[in-house]
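The values are calculated or read from the model by the stated rules, or taken from the named source; none is laboratory data. Since the structure is predicted, the reported quantities are computational estimates derived from the model, not experimental observations. Using ideal geometry, Cβ is built from the backbone for each residue, glycine included, and neighbour counts are taken over all protein chains shown. Side chains included, ligands, DNA and RNA excluded: accessible areas come from the protein's heavy atoms. Shrake-Rupley method; radii C 1.70, N 1.55, O 1.52, S 1.80 Å.
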Amino acid sequence: MTDFQPGYHPGYTNPAGMQGPGGFPVPYVRASLGGRTVAYLLDLAFIFVFTAVLATAIAILGVLTFGFAWMLFPILGISGILYSAITVGGPKQSTLGMRMLGLRVVAPESGRPVDFLTAAVHALLFYVAISTFLLWCLDVLFGLVRSDRRLGHDLLLGLAVVRD
């Protein structure tokens, strides 16, 4: 469809005539891989702060509970997944780094928000892929060859990172 035809909306697709809230077409402007990378680098700083705050809270609770709360320290190992689950599974549908770059995570066919559990699994798959060089290369290869720039872990869960 060209911009000369009626019903043309730049940056939007309307698969199978689906309508978003208010009858508008479902937003579907793909996020670039560079934007996603910069957002993740920003999120690394936020995850560090989140982990530090969580460690401090556990340490203080441990003192108050005579060491009982110190059993929560293993949670720090999954603080990146918790951070992603809380932020992506929240009302803004994006991590703080994604918000700074105008990105959000949605179900591409409906534009629906992502729930907490799906956001946690999405982050888990991302960290599994990034921790193994071969899986990471395969994950990024999906994003390079697909026109919608969805990575392997996005495809497995039926999610897309889009621009606002």
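Miscellaneous remarks
- Cβ-Cβ under 8 Å pairs, at least 6 apart or on other chains, the stretch 66-81 side free of Cβ contacts under 8 Å to residues at least 24 places away in the same chain and of a type outside the set (Phe, Trp, Tyr), far side in a helix (DSSP H, G or I) and open to solvent by 60 Å² or more (accessible area, probe 1.4 Å): Ala69/Leu61; Leu72/Leu61
- Restricting the stretch 135-149 to residues that are without any contact (Cβ under 8 Å) to a residue 60 or more places away in the chain and surrounded by 15 or more Cβ atoms within 10 Å (Cβ to Cβ), the residue that is farthest from the chain's Cα centre (by Cα): Leu135
- Residue check for Val162: under 17 Å from Arg36 (Cα atoms) and out of contact with any helix residue (DSSP H, G or I) (no Cβ under 8 Å at 6 or more places or on another chain): yes
- Here Val128, Val114, Val121 are screened, and the one residue that is in contact with a strand residue (DSSP E or B) (Cβ under 8 Å, 6 or more places away or on another chain) and either touching a residue at least 60 places away in the same chain (Cβ under 8 Å) or under 29 Å from Ala55 (Cβ atoms) (or both) is Val114.
- Only one of Ile47, Ile75, Ile86, Ile60 that is out of contact with any His (no Cβ under 7 Å at 6 or more places or on another chain), buried (at least 17 other Cβ atoms within 10 Å of the Cβ) and either part of a helix (DSSP H, G or I) or not β-branched (Val, Ile, Thr) (or both): Ile47
- Selection status of Arg99, part of a helix (DSSP H, G or I) and of a type in the set (Lys, Arg): yes
- Residues of the stretch 102-138 classified as modelled with pLDDT of 90 or more, over 17 Å from Ala39 (Cα atoms) and either part of a strand (DSSP E or B) or not hydrophobic (A, V, I, L, M, F, W, C) (or both), total: 4
- The lone exception for Ala107 - which of (1) open to solvent by less than 60 Å² (accessible area, probe 1.4 Å); (2) in contact with a Lys or Arg (Cβ under 8 Å, 6 or more places away or on another chain); (3) not hydroxyl-bearing (Ser, Thr, Tyr) it fails: (2)
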